[in-house]
Structure formats: structure tokens, C-alpha cells
Amino acid sequence: MSTQQVAERVTAEVYAEVQQFYAEHMQLLDGGVVDAWAETFTEDATFAVPTLEEPTRGREELRRTLRRTTQELAAAQEQRRHWHGMVAVFPNDDGSLRVRCYALVFATRREQQPVLHRVCVCEDVLVREGGRLLVKSRKVTRDDLP
Amino acid sequence: MSTQQVAERVTAEVYAEVQQFYAEHMQLLDGGVVDAWAETFTEDATFAVPTLEEPTRGREELRRTLRRTTQELAAAQEQRRHWHGMVAVFPNDDGSLRVRCYALVFATRREQQPVLHRVCVCEDVLVREGGRLLVKSRKVTRDDLP
Amino acid sequence: MSTQQVAERVTAEVYAEVQQFYAEHMQLLDGGVVDAWAETFTEDATFAVPTLEEPTRGREELRRTLRRTTQELAAAQEQRRHWHGMVAVFPNDDGSLRVRCYALVFATRREQQPVLHRVCVCEDVLVREGGRLLVKSRKVTRDDLP
């Protein structure tokens, strides 16, 4: 039996909570709801993507990034949709959650066919603050980039 | 803290029930199982899409619509698959459920590559009748249409 | 009321367990983690696909198949991602689970746009051995093939 197989799992209650968290989190992102989206991260959250040398750090920088992206997409009349799937959730000893999942990004321009824009893997650490789950760190890799 | 963040959530039991409901509901739709699919709506259900001025109303009209679509797709040797994802479920005071989720439609023709046909947002009100969840109202928007 | 609607459902605990199982199972598959992936099947598992006359049988043959596929994809610098969705789970009388779900395969080559490779339906029987879920039998159909 491999070590992957004996890893501790989370309860159904926590698993559903994580799924609902991502659903709301992505809808805020794609809706350009800047402040509420930033509040789904911890104040000191890090967000690493392969196209930036340094991770984005903290809510203020996350807000700035999403505000800019939202304006660019609106100007291009493009709607993005982020999907998480194949969500594997593991409990850490300190009560935080370790998530590894797949992430798709779809892009649709007005009057055009939708496009599969990106296929990614997303690794999150989620923590609980004031009863809510928040992203403490996120690392995204893209299947098209090394 | 935004109001989105303090909204009440459903239990894991209800969240799993909604996921299983959509799984069966979409498999009936894509399988062209007309009667059983219509029975996943309330008798007086409404189903609004951006390409129709008025919502489809009631099981009889839903049956008629699906019967026609199923025949057209069979004639074209095209298989559609509807996927719900990023499913956010909130309880209403009257016991009904409010769902906002993403919906994809894939289309595959015999011997051809599959195509991402539509990217949509689906807003449902689900109610419980005789122990089962049913769609009372559905509103679908498409990312490619205003 | 159709018979589909009165079928027994699994608990939220089991539903979450199945979702987490598939998440890990697919990540092992797409990561080419041959041994751990083979261990998510029973020793005598069968895996039927439309392009093979006979199902693949047993862990040894599954390992051999995944080892070969992993090498071919690495040589082509192609990353595949398998997604399960619309997962309907039903309990059998003998304690096993009957799953019918949709399956997508995405394919991404280095520096290229991702591609929707396959749209499939997957029918599994899952059994519990030593506390873990395992695939006992799998039948995959492809929407592009008869």
C-alpha cells in the first residue's frame, strides 16, 4: 500500500465546505467582485503563477491585480470562467488544509465560440479564520509551460 | 467582511444531495430520457434561456422541448453533455435552495473531435417534494450573449 | 415517479469519499504514478474501453498500460488531464457502489493551447478493501465512437 493511500482524509463536512468555498471564490473572481474576492485570501496570502518571478503578496496586491484584469477583460468583451475539479483535500497537523486540484480557464468573447484557455494544477493551503476558509497560499502551474 | 461571506451555507448532506441531483438530472437530459427528466422539475417549473423571450413553463412544455432536441441531435449524430460546476448552494428561509453555478455544454459528432459548445451560468431554485429535490425555476445565461 | 427517482442514494460521507477517491485516482494517472495508480484498482479489476476488444485485466496489465502511455506522452511533451464530473453514485446490495459519470480528457503540449481531447461516459463498480475504495470494474464509452 502506497503512502498516498494511507494519507488522512477530511470529513464530508469539510470536503463540502471546500467545494462551496471554491464555487463562491471563483464566481467572485470571474465576476470581478474585487473586494469580496480579496477577502477570500488571508491578509498575508501568497499567490504564485509561472509567469511571474515573485508571488503576488497580500490582499492589496490581489485587489490591484484583479481590478486590472477585470478592466482588460471588459475592454475585450471577454468573460473568463475558472473551474476547479478533481479536488483532493488533506488535513495538516496545524488544522490547515492542503488542496491539490486541477483548474480550467474558459474564455468567451461576445458572439464567439467559447475557448478552453488554460489547463492548470492548483495547490492551495487553506486556513480557517473567524469560521471561514481562506486561501493562505496558492501555487498554480500551467500544463503548457515548463 | 462582505455580505457574501456571512451568507448561510447548506450542510454537507444537502450539498451532496444537490450534486447527485444534478448528476442524474444531466444524465437524463443528455440521454434524452424525456419523462424522467421532466419529472426532475416541479409541475409548474420555469426555465429561462437568453434565446427565448418567454421562459419554458411546466413539465409538458419541457417534455416537448427535450423530445424535439433529442430527435434533432440524433439526426445529426451529435451527443451533447451538460456539466455543472462551481456549484454554490444557499438555503432560503422557506426551505428552498438557491443555486448559482457554471454550466458547460460539450458536443461530439460521430468520428469527430469533441467541441466546447457553450459556457453558461445557471441559477436555480430547488424545492423538495415528496423527499426529492426538483427544479422550480432555472435561469441560464450564456457567456457569448449579452 | 420514475424508478430512477426512487433509487437509493449514498450518504454525504460516501459521496465525498467517492469524489476524493476520483481526485486522487486521476492525479496519480495523469502524473504517471504507475504503482500507486494500479493500487486504486482491485487485484482482479477489469477496465473496458471501446478501442480494445477485450478489457484490460488486473493490476499488472494496468501498470504495463500506464507505463507505456506515460512514456509516449512524455516523448510527445504532452500532459493529459482526466476529469470526472456529474458523478451519480448508487449503493448495491452487496455493499459495492455503482457509479455513472462523465469523463473529460484534456491534452496540452508544451507551448501550445490546450485541447479538449475526449468526452466519455465512465461506469465503475467500486468496492471497499481494507477501508479504501477501489475500482473493481470500469467501462468507458466515447461520445465520438459508436
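The values are calculated or read from the model by the stated rules, or taken from the named source; none is laboratory data. Predicted model only: the values in this text are computed from it and were never measured. Because the Cβ atoms are built from the backbone with ideal geometry, glycine has one as well, and the counts that use them run over all protein chains shown. Protein only, heavy atoms only, side chains kept; ligands, DNA and RNA dropped before computing areas. Shrake-Rupley method; radii C 1.70, N 1.55, O 1.52, S 1.80 Å.
Quick look at the numbers
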| item | result |
| --- | --- |
| Placed amide H near B:Ala45: partners under 5 Å, 5+ positions off or other chain | B:Gly58, B:Arg59 |
| The protein assembly as shown, accessible surface, carbon-and-sulfur percent (1.4 angstrom probe) | 49 |
| Total accessible surface hidden between B and A, rounded to 100 Å², 1.4 Å probe | 2600 |
| Within chain B: Cβ-based charge dipole about Cα centre, in debye rounded to nearest 20 (Lys, Arg +1; Asp, Glu -1) | 360 |
| Cβ-vector label at 7 Å, B:Arg9, separations to other copies in nm | 1.9, 1.9 |
| Approximate spin-label separation B:Glu61-C:Thr141, in nm, with each point projected 7 Å along Cα-to-Cβ | 3.2 |
| Dipole-positive endmost among A:Val125, A:Leu28, A:Thr42 within chain A (Cβ charges, Cα centre) | A:Leu28 |
| Net charge contributed by nearby residues that have their C-beta within less than 14 Å of A:Ala103 (K/R +1, D/E -1) | +2 |
| Amide proton proximity set for C:His117, modelled H, under 5 Å, gap of 5+ | C:Val105, C:Phe106, C:Ala107 |
| Integer Hz, Karplus 6.51/-1.76/1.60 couplings in order for segment A:98-110, x for Gly and Pro | 10, 10, 10, 8, 8, 9, 10, 10, 9, 10, 10, 9, 2 |
| Whole-Hz ³J(HN,Hα) from phi, Karplus 6.51 cos²θ - 1.76 cosθ + 1.60, for segment B:49-59, glycine and proline x | 10, x, 8, 10, 5, 10, x, 5, 10, x, 5 |
| For segment A:54-146, alpha-carbon Rg over 2.2 N^0.38 Å | 1.26 |
| Within 10 Å of each Cβ in A:115-121, the average number of Cβ atoms from other chains | 5 |
| Minimum 50 Å² accessible area buried by the other protein chains, segment B:19-46 residues, probe 1.4 Å, relative to alone | B:Gln19, B:Gln20, B:Glu24, B:Gln27 |
| Solvent exposure of segment C:3-68 as accessible area per residue, Å², 1.4 Å probe | 47 |
| Accessible area of B:Thr51 in the full protein assembly, 1.4 Å probe (Å², nearest 10) | 90 |
